[in-house]
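What follows is calculated from the coordinates using simple rules that are stated; it is not laboratory data. Computed from a predicted structure; not experimentally measured. Ideal geometry is used to build each Cβ from the backbone, glycine not excepted, and the neighbour counts take in all protein chains shown.
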Amino acid sequence: MAQLSPLLKQATPVVVDHGEGVYLYDTTGKRNLDFTAGIGVTSTGHCHPKVVAAAQEQIGKLIHGQYTTVMHKPLLELTEKLGEVLPEGLDSLFFANSGSEGVEAALRLARQATGRPNVVVFHGGFHGRTVATATMTTSGTRFSAGISPLMAGVHVAPFPNAYRYGWDVETATRFALRELDYLFATVSAPNETAAFVIEPVLGEGGYVPANTEFFAGLRERADKHGILLVIDEVQTGFGRTGKFWGHDHFDVRPDVVVIAKGLASGFPLSGIAASTELMSKAWPGSQGGTYGGNAVSCAAAAATLAVIQEEGLVENAAERGKQLLDGARLVGEKTPQIGDVRGLGLLVGSEFVTPDGEADTATAQAVQKAAAERGLLLLTCGAHMNVVRMIPPLVVTAQQIDDALEIWAEAVAAGTQ
Ligand code: PMP
């Protein structure tokens with residue numbers, strides 16, 4: 001008899017029967033509030049009727065039209081539709097399947113277009129689990145340990161992580177930019193640096209938003225040295241943060257964005273967007289893949305975009321995100337074990353610490369377990385997995401946020417006893 005590999009580490013013991021909106025129903029019939037959204041994927045909720053209808057219709061017409069062999073309508077239609085929401089000037093799209101593949105595509109583009117070997121990533125960032133993207137991932141050694149040799153040419157600069165440093169945001173930002181210049185002077189010369197690769201909000205690294213001044217500093221250095229600014233919007237894109245793109249909060253122009261997760265409501269689809277000028281510097285035929293831009297995924301993504309627009313999900317994420325952050329902060333203020341509550345839109349994290357400020361992984365896990373027992377599914381993140389994060393589908397209602405906050409308060413009380 002076969003069984004699932006023990007290498008998978010599962011956050012909850014739940015076995016799902018079906019999902020609907022913000023709820024996951026398990027095989028015992030229990031209804032769970034899903035504040036994980038499949039790690040920020042099911043933006044329109046589980047099995048949104050319009051996404052289901054679009055996918056079902058497409059399945060009957062064409063499941064797989066391999067895009068380096070033939071083109072298909074859903075891919076062309078999605079490309080056109082994405083044109084309405086992509087950052088200005090990024091008018092050229094390449095599609096793949098997973099977020100990791102998207103980041104790898106950006107890396108290849110950056111190296112081929114600049115002819116330079118190095119990339120600079122920011123401490124605490126998560127960019128994937130392939131060997132190249134695991135090398136670029138610094139949100140936890142669990143993603144890169146035991147698989148060396150890793151990829152050469154990746155250098156890590158500080159992220160303006162004010163809470164971690166115990167500074168205010170301005171001081172953390174000044175420090176991070178100064179260290180970036182130091183890295184240029186000592187480790188990776190600017191003219192050997194192809195790209196900065198950064199998340200607008202550290203996701204797996206603990207839900208830490210960047211800031212406008214930091215991005216202005218990156219943009220200035222990118223322009224000065226011909227370095228590409230690659231923004232990994234895999235977790236933050238498509239309305240998750242209460243603006244369409246995470247970087248919209250920070251008034252910055254990316255050269256490349258990486259997209260995945262919320263794009264297709266759960267169907268595997270990722271990609272990169274850049275200007276046609278930049279994309280044409282990549283070597284034709286050097287990228288691709290058997291399944292990239294799958295027809296059913298593209299149809300689901302086009303429907304997802306329509307739902308995001310029609311149902312005002314970006315605005316909902318902003319409003320419900322504020323409600324969630326305010327509520328989580330109230331719990332945080334009453335709980336000495338919660339050192340910080342932070343987030344942007346519907347990305348909210350509560351960081352658990354010991355009395356002397358060290359990461360308190362055990363308490364975070366106890367709270368997560370207590371929440372799951374009460375029907376609220378949550379994930380942890382952060383280098384020490386001591387940040388409990390809430391990342392519900394963007395269709396979440398005010399009532400569902402209240403319900404989740406009620407369970408959250410109970411779970412925190414139970415887990416911190
Ligand atoms: N980048 C970011 C910012 C992510 O959050 C993730 C997934 N958590 C990835 C890349 C990798 O995506 P995937 O798991 O689809 O390869």
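Label positions at residue 47 and residue 413, each projected 7 Å from the Cα along the C-beta direction, are separated by 3.4 nm. Over the stretch 290-417, the alpha carbon radius of gyration divided by the compact-protein estimate 2.2 N^0.38 Å works out to 1.20.
For the chain, what does the helix formula give at 222 nm: sum of -39500 (n - 2.57) over DSSP H segments with n ≥ 4, over the residue count, nearest 500 deg cm²/dmol?
-11500 deg cm²/dmol
For the listed residue pairs 50/81; 81/261; 322/369; 9/50; 81/243, the alpha carbons are over 21 angstrom apart in 322/369; 9/50.
When each of the peptides 336-345, 378-387 is scored by the mean number of other C-beta atoms lying within 10 Å of its residues, the order from highest to lowest reads 378-387, 336-345. Here the Karplus relation 6.51 cos²θ - 1.76 cosθ + 1.60, evaluated at θ = phi - 60°, turns the backbone of the stretch 268-275 into coupling constants of x, 6, 9, x, 10, 10, 8, 6 Hz, with x for every Gly and Pro. For the stretch 42-195, the gyration tensor built on C-alpha atoms gives a prolate shape. Its axis ratio a/c (a ≥ b ≥ c) is at least 1.5, and a/b is the larger of a/b and b/c. Taking 0.36 nm per residue of separation and subtracting the Cα-Cα distance, full extension of the segment from residue 182 to residue 68 would add 36.7 nm. Residues whose amide H comes within less than 5 Å of that of residue 339, counting only those at least five positions distant or on another chain, are 351, 352, 353 (H built at 1.01 Å from N in the peptide plane). About its Cα centre, the stretch 1-53 has a charge dipole of approximately 60 debye under the convention of +1 per Lys or Arg Cβ and -1 per Asp or Glu Cβ, with nothing else charged. Taken one residue at a time, the phi angles of the stretch 87-102 give Karplus couplings (6.51, -1.76, 1.60, θ = phi - 60°) of x, 3, x, 8, 10, 10, 10, 10, 10, 9, 10, 10, x, 4, 5, x Hz. Gly and Pro are set to x. Computed from Cα atoms alone, the Kirkwood hydrodynamic radius reported for the stretch 49-310 is 18.7 Å.
Going by a ≥ b ≥ c, the root eigenvalues of the Cα gyration tensor, does the stretch 11-102 fall in the rounded group (a/c under 1.5), the prolate group (a/b larger than b/c) or the oblate group? The shape class here is prolate. For the stretch 68-143, the average shadow cast by the Cα convex hull is 6.8 nm², which is a quarter of the hull's surface.
You can think of it this way: the chain between residue 142 and residue 399 has 88.8 nm of extra reach, that is 0.36 nm per residue less the Cα-Cα gap. The phi-based Karplus calculation (6.51 cos²θ - 1.76 cosθ + 1.60; θ = phi - 60°) puts the 3J(HN,Hα) values of the stretch 366-377 at 5, 5, 4, 5, 4, 5, 4, 4, 8, x, 10, 8 Hz, whole numbers, x for Gly and Pro. Annotation: peptides 127-137, 304-314, ranked by per-residue average of other Cβ atoms within 10 Å with the highest first, follow the order 127-137, 304-314. Residues within the reach of a label modelled at residue 291 (point 7 angstrom out along Cα to beta-carbon, backbone nitrogen below 12 Å), restricted to the stretch 389-403: there are none. Compute the Cα gyration tensor for the stretch 125-230, then decide on rounded, prolate or oblate, letting a ≥ b ≥ c be the square roots of its eigenvalues: rounded whenever a/c is under 1.5, prolate when a/b is larger than b/c in the other cases, and oblate in all that remain. Because a/c hits 1.5 or more and a/b fails to exceed b/c, the stretch 125-230 counts as oblate. The H on the amide N of residue 210, modeled in the peptide plane, is under 5 Å from the matching H of 201, 202, each at least 5 residues off or on a different chain.
Sorted on the mean count of surrounding Cβ atoms within 10 Å across their residues, most packed first, peptides 399-412, 98-111 read 98-111, 399-412.
For the stretch 91-135, count all C-alpha to C-alpha pairs, find those more than 17 Å apart, and express that count as a whole percent of the total. Roughly 35 percent, once rounded to a whole number. Give the aspartates and glutamates whose C-alpha is closer than 20 Å to that of residue 224, dropping any in the same chain fewer than 8 places away, or say none. Within the straight-line limit of under 20 Å, residue 224 reaches these aspartates and glutamates: 179, 181, 192, 213, 251, 255, 277. Taking the Cα centre of the stretch 49-310 as origin and assigning +1 to Lys and Arg Cβ atoms and -1 to Asp and Glu Cβ atoms, the resulting dipole is close to 560 debye.
Note on residue 251/residue 224: beta-carbon distance plugged into 1/(1 + (r/R0)^6) with R0 of 22 Å gives a FRET efficiency of 0.75. Amide H contacts under 5 Å for residue 157: 121, 122, 123, restricted to partners 5 or more places along the chain or on a different chain, H placed in the peptide plane at 1.01 Å from N. Label point 7 Å out from residue 310 along Cα-to-Cβ: which residues of the stretch 22-64 have amide N under 12 Å? In the stretch 22-64, the label zone of residue 310 (backbone N under 12 Å from the point 7 Å along Cα→Cβ) covers 48-54.
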